[in-house]
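Step one of this worksheet: look at the structure below.
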Amino acid sequence: MGDNTLWVGVLTAGTAVLASWVTSRGTARAARIQAETTAAVQRADQRRTARRTAYADVIEQAQKMGDLYWKVNDAHAEPDPEVRIDALKDLRLRLRDAYASLRHLVRIVELEGPQEVAEAAYRLRRSTSDSYEALEDMIGGDAGAIERFNECYAPFWAALVALVAVARGVLQDDAVPAAAPAPVSAPVPPPRTRRPWVRRRPGAGGRPA
């Protein structure tokens, strides 16, 4: 009887230790998965914030350039030729600086991605080239340059609208949270079934009491 009790105790203790080890291992795995999921969500939030800032900076800079384009028309309407040329030259310098800032901001968008937004930002930057050349011709005295300049505004604005649409789509996609993995439950081994110990009566011919 003493031996049987000892073995039952040993088996029970061993089962408890095994179950505890398996449970601890499963809990650690679940904790690791949860930590990885949280880190992934944080990285996605940081990426979305960086992209949103980059996109907004380009759009804002392009709108500043659009305001300068309108000022070119006002300057060109100046009746005094000397005042007109001076005003156009000043706007040329301001547009040159604005373009340098736009080019820098577009580079940041190209780094942040994705590819479709980078391409849209590049097309926006390229759409400013013809208007600058037309402004140079205006300063040089080309009478038809103002018409060419105004024709450049529609493609520029269309490129800006296209960039806004693509950027909005990307940011909306980035805002969709990734599905978190299902929690992992630790497999617990079934308890061992204890066989009933039957005490035999001495001298009863082996029959149970």
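The values are calculated or read from the model by the stated rules, or taken from the named source; none is laboratory data. Everything numeric here is computed off the predicted structure, so don't read it as measured data. Reconstructed Cβ throughout: ideal geometry from the backbone, glycine too, with neighbour counts over all protein chains shown. What goes into the accessible areas is simple: the full protein's heavy atoms, side chains included, and nothing from ligands, DNA or RNA. Shrake-Rupley method; radii C 1.70, N 1.55, O 1.52, S 1.80 Å.
The figures follow:
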{"item": "Residue among Leu93, Leu88 that is in contact with a His (Cβ under 8 Å, 6 or more places away or on another chain) and either in contact (Cβ under 8 Å) with a residue 24 or more places away in the chain or open to solvent by 70 Å² or more (accessible area, probe 1.4 Å) (or both)", "result": "Leu88"}
{"item": "Condition met for Asn150 (part of a helix (DSSP H, G or I), out of contact with any helix residue (DSSP H, G or I) (no Cβ under 6 Å at 6 or more places or on another chain) and either aliphatic (A, V, I, L, M) or surrounded by fewer than 15 Cβ atoms within 10 Å (Cβ to Cβ) (or both))", "result": "no"}
{"item": "Which numbered condition Gly141 fails, given (1) at pLDDT below 90; (2) exposed (fewer than 15 other Cβ atoms within 10 Å of the Cβ); (3) not basic (Lys, Arg)", "result": "(1)"}
{"item": "Any pair with Cβ under 9 angstrom, 6 or more apart, that starts in the stretch 105-121 at a residue that is farther than 11 Å from Asp57 by Cβ and of a type in the set (Val, Ile, Thr) and ends at one that is open to solvent by 60 Å² or more (accessible area, probe 1.4 Å) and part of a helix (DSSP H, G or I)", "result": "Val117/Glu110"}
{"item": "Qualifying positions in the stretch 25-67 - aliphatic (A, V, I, L, M), touching a residue at least 60 places away in the same chain (Cβ under 8 Å), surrounded by 14 or more Cβ atoms within 10 Å (Cβ to Cβ) and within 29 Å of Leu102 (Cβ to Cβ)", "result": "Ala44, Val58, Ile59, Ala62, Met65"}
{"item": "Residue match in the stretch 102-113 (condition: among the small types (Gly, Ala, Ser) and either part of a helix (DSSP H, G or I) or touching a strand residue (DSSP E or B) at 6+ places or on another chain (Cβ under 7 Å) (or both))", "result": "no"}
{"item": "Test: Arg92 is touching an Asp or Glu at 6+ places or on another chain (Cβ under 9 Å) and either hydrophobic (A, V, I, L, M, F, W, C) or closer than 22 Å to Arg148 by Cβ (or both)", "result": "yes"}
{"item": "Filtered residues of the stretch 68-81 (kept if open to solvent by 80 Å² or more (accessible area, probe 1.4 Å), part of a helix (DSSP H, G or I) and not charged (D, E, K, R))", "result": "Trp70"}
{"item": "The stretch 125-141 - residue that is outside any helix (DSSP H, G or I) and closer than 18 Å to Arg84 by Cα and, of those, farthest from the chain's Cα centre (by Cα)", "result": "Gly141"}
